[in-house]
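For reference, the structure is listed below as structure tokens.
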Amino acid sequence: MKTISQVVEGVIHRSPFLSEAIAEGLANNAQIARRIKPEVEKILLEEVSEGSIAMALHRISKTSAVVPFGTRFLRQMSDITVRSNLVQFVFPESADVSAVLERVSRIAKNKKGVFLNFSRGLHESLLIVSQEIEDEVLVSFGNQKYLKRIGGLSAITMRLRSRASTFPDCTIRY
């Protein structure tokens, strides 16, 4: 049977924000206790007082030598790239979108440093490209009109080292 302290510690460590706030001493234990009380009670299958949760939080903060989540995250990063002057297009889904994407990919490949990101949904396709090839993209799509265009965008690419041997690197874009 788990103790209140064990359950509280598990709940806190699942949330990088709470974990970091407690590690930095920025947390109000009473407020966090009120917030996580329903989850702790659900796990323990019994009522628990806010005071006992707050005391468990106090003990965790005193004994915790946890590296804040942000620091752990930053240590895994090997490269950050910021790209600006990007344009986003949303096109309605059509049968010839694959052929058009192939043309756009060739254009981007032939120009050094051009950004291209494509996502295909059920009803529409999203294309984000460097502003320098915007006109060529529109020509490639021919008479197909876009539903939306947003300019002046930027992309941040973070390259993270992965612990899994099957995936040596992974890239996250925001």
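The values are calculated or read from the model by the stated rules, or taken from the named source; none is laboratory data. As the structure is a prediction and not an experimental result, all values here were calculated from the model. Cβ: placed from backbone, ideal geometry, glycine included. Neighbour counts: every protein chain shown. Heads up: the accessible areas ignore ligands, DNA and RNA and are worked out on the full protein's heavy atoms, side chains in. Shrake-Rupley method; radii C 1.70, N 1.55, O 1.52, S 1.80 Å.
The heavy atoms of R103 offer some 100 square angstrom of accessible surface to a 1.4 angstrom probe. For the range 79-156, the share of accessible area belonging to carbon and sulfur comes to 51 percent (1.4 Å probe, ligands and nucleic acids excluded).
Here the peptides 19-27, 40-48 are ranked by packing, the mean other Cβ count within 10 Å, and the order with the highest first is 19-27, 40-48. Per residue, the range 1-42 exposes an accessible area of 64 Å² to a 1.4 Å probe, with every protein chain left in place. DSSP loop (so not H, G, I, E, B), at most 10 other Cβ within 10 Å: list which trypsin sites (Lys or Arg not before Pro) in the range 106-150 pass both filters. Listed in order of number, the matching sites are K112, K145.
Note on R159 and H13: their simple-model spin labels are 3.2 nm apart, each label 7 Å out from Cα toward Cβ. For Q6 and Q144, the FRET efficiency from 1/(1 + (r/R0)^6), where r spans their Cβ atoms and R0 equals 45 Å, is about 0.20. Based on protein heavy atoms only, the range 103-163 ends up with 68 Å² per residue of surface accessible to a 1.4 Å probe.
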